[in-house]
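Below: one structure, written as structure tokens.
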């Protein structure tokens, strides 16, 4: 017989873990904002560690990468979203402000040293995607609107939809 208290306890524990993780993300983001952190320092500490490991691994493979962008404000995200919709240019994102993990210190865009967005072979992007996934990171290279430079981290499966209410203006 299934113990109903065990299921209830497990549900409460999972909820508390998710809430704790959201609070930790919010705290890290607040510190980054207050101290105007840039680059890798603007990332959640776990993602920063993984990003450094990824950079080291890509260098070992002879395909060195560098950080192009980490934190991005909601205003800047909305400007990117407008491209190809209400302003000139091509569509480059499907995420509006507060819908991107960049706003939460949970995403980083990489480019290749010397080559930026145009590496000598397209398999370099595949290698980056696969190496990121080995670190349990999510790659934009798997999306319908491919974004190979984009790597994001979702601790405990926390989504931007769960984080957005913390930061949305009232």
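The values are calculated or read from the model by the stated rules, or taken from the named source; none is laboratory data. Since the structure is predicted, the reported quantities are computational estimates derived from the model, not experimental observations. Please note: Cβ atoms are built from the backbone with ideal geometry, for glycine as well, and neighbour counts cover all protein chains shown.
Have a look at 153, 166 and point out the one that is touching a residue at least 24 places away in the same chain (Cβ under 8 Å) and either more than 19 Å from residue 43 (Cβ to Cβ) or surrounded by fewer than 19 Cβ atoms within 10 Å (Cβ to Cβ) (or both). Talk me through it step by step, then tell me what you get.
Values: 153 fails: either more than 19 Å from residue 43 (Cβ to Cβ) or surrounded by fewer than 19 Cβ atoms within 10 Å (Cβ to Cβ) (or both).
Exactly one of 153, 166 is touching a residue at least 24 places away in the same chain (Cβ under 8 Å) and either more than 19 Å from residue 43 (Cβ to Cβ) or surrounded by fewer than 19 Cβ atoms within 10 Å (Cβ to Cβ) (or both), namely 166.
In the stretch 19-48, how many residues are over 13 Å from residue 102 (Cα atoms), exposed (fewer than 14 other Cβ atoms within 10 Å of the Cβ) and modelled with pLDDT of 80 or more?
Qualifying residue count, the stretch 19-48: 2.
Could you tell me how many of the residues in the stretch 120-135 are surrounded by 11 or more Cβ atoms within 10 Å (Cβ to Cβ) and in a loop (DSSP other than H, G, I, E, B)?
The total comes to 1.
Take the stretch 57-86 and flag every residue that is within 24 Å of residue 124 (Cβ to Cβ) and either surrounded by 19 or more Cβ atoms within 10 Å (Cβ to Cβ) or in contact with a helix residue (DSSP H, G or I) (Cβ under 8 Å, 6 or more places away or on another chain) (or both).
Answer for the stretch 57-86, where residues must be within 24 Å of residue 124 (Cβ to Cβ) and either surrounded by 19 or more Cβ atoms within 10 Å (Cβ to Cβ) or in contact with a helix residue (DSSP H, G or I) (Cβ under 8 Å, 6 or more places away or on another chain) (or both): 57, 58, 61, 63, 64, 65, 66, 67, 69, 70, 72, 80.
Look at the stretch 56-75 and say how many of its residues are in contact (Cβ under 8 Å) with a residue 12 or more places away in the chain and assigned to a helix (DSSP H, G or I).
Residues meeting the conditions: 4.
What's the number of the condition residue 148 fails, among (1) in contact with a helix residue (DSSP H, G or I) (Cβ under 9 Å, 6 or more places away or on another chain); (2) without any contact (Cβ under 8 Å) to a residue 40 or more places away in the chain; (3) under 30 Å from residue 20 (Cβ atoms)?
(3)
Could you list, ordered by first residue, the pairs with Cβ atoms under 6 Å in which the first is in the stretch 15-27 and at positive phi and assigned to a helix (DSSP H, G or I) and the second is surrounded by 15 or more Cβ atoms within 10 Å (Cβ to Cβ) and at pLDDT 75 or above, at least 6 apart or interchain?
Matching pairs, first to second residue: none at all.
For the stretch 87-119: of the residues being outside any loop (DSSP other than H, G, I, E, B) and in contact with a strand residue (DSSP E or B) (Cβ under 6 Å, 6 or more places away or on another chain), which is surrounded by the most Cβ atoms within 10 Å (Cβ to Cβ)?
Only one residue tops the list, namely 108.
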